[in-house]
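These notes concern the structure reproduced below.
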Amino acid sequence: MANFDLEEQEQIDQLKHFWSQYGNLITWVLIAALGGYAAWNGWNWWQRSQAVKAAAIYDEIERAAQAKDTAKTEAALADIKDKFGRTTFAAQGGLLAAQSLFEAGKADSAKAALTWVADNASDEAYKALARLRLAGLAIDAKAYDEAIKLLQAPMPEAYAALAADRLGDALMAQGKGEEAKAQYQKAWDSMSARTEYRQLVQVKLASLGVQVADKAVASGAAQ
């Protein structure tokens with residue numbers, strides 16, 4: 001029993017010595033780890049809270065757009081941009097508001113909404129969509145150089161074919177048929193044979209003397 005007590009006391013003394021030497025370090029490591037975990041949970045909670053609040057304002061934009069109330073649409077868009085500008089709901093709201101405002105004849109307001117999405121969206125896909133729509137507005141306004149600049153900016157691969165097609169439209173409007181033809185060809189080559197839009201590009205190519213029907217059949221058979 002005496003030996004056991006001595007061994008136990010020796011272990012206690014070793015533990016005390018170890019703790020006196022490393023106790024503070026261990027405590028700070030634990031505090032940092034627990035603090036990081038708490039911060040992570042807090043960040044997730046904050047993110048969820050932001051998303052819920054942003055979704056509520058997006059619903060306001062949607063209702064205002066359906067009611068064709070441009071004043072409420074613009075007010076709700078300003079609200080979501082100001083409070084939750086980095087959320088996906090803000091980008092979606094900007095695209096929806098732009099469409100509604102354009103249909104209401106407020107092209108400048110629509111352009112402003114799209115420009116904000118193109119500059120501030122956290123998702124590259126939303127930025128690309130905004131640039132494509134801005135380019136369409138620019139072409140409608142005969143601002144072809146502006147459209148070309150927008151369409152020549154880097155695009156996610158999923159939107160490259162649409163950008164090439166729209167770039168072809170801008171070049172055609174400037175009378176640059178050969179350059180437009182090259183862009184239409186690029187768009188057509190990049191689109192799946194199952195994409196209905198590809199047929200429209202094919203019509204544009206045909207109007208410029210390029211027949212791609214045989215290639216289309218071959219591509220469809222290969223896929």
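The values are calculated or read from the model by the stated rules, or taken from the named source; none is laboratory data. Remember, it's a predicted structure, so these values are computed and weren't measured experimentally. Methodologically, a virtual Cβ is constructed for each residue, glycine included, from the backbone with ideal geometry; neighbour enumeration extends over all protein chains shown. We work out accessible area using only protein heavy atoms, side chains counted, and drop any ligands, DNA or RNA first. Shrake-Rupley method; radii C 1.70, N 1.55, O 1.52, S 1.80 Å.
Stretch residue 207-residue 146 to full length: gain in nm at 0.36 nm per residue minus the Cα-Cα span?
Numbers: separation 61, 0.36 × 61 = 21.96 nm, distance 2.50 nm.
Extra length from residue 207 to residue 146 when fully extended: 19.5 nm.
Which three lengths, in whole Å and largest first, does the stretch 103-223 cover when its Cα atoms are put on their principal axes?
Principal axes ranked by extent give 44, 32, 27 Å for the Cα atoms.
Take the alpha carbon gyration tensor of the stretch 34-187, find the square roots of its eigenvalues, order them as a ≥ b ≥ c, and report rounded if a/c is under 1.5; if not, report prolate when a/b exceeds b/c, else oblate. Present the calculation step by step, with values, prior to reporting the outcome.
Numbers: a/c = 3.52, a/b = 1.64, b/c = 2.14.
Oblate, because a/c is 1.5 or more while a/b does not exceed b/c.
May I ask you to give the percent of accessible area on the stretch 83-223 that is carbon plus sulfur, with a probe radius of 1.4 Å? Before the final figure, lay out each step's value.
Numbers: 3820 of 7400 Å².
Whole-percent figure for carbon plus sulfur exposure: 52.
Given the peptides 183-190, 119-126, arrange them by the average over their residues of other C-beta atoms within 10 Å, most packed first. Mind dumping the intermediate values first?
Numbers: 183-190: 21.1, 119-126: 15.1.
Put in order of decreasing packing, that is 183-190, 119-126.
In the stretch 103-223, how many lysine pairs have Cα atoms under 14 Å apart, counting only pairs 8 or more places apart or on different chains?
5
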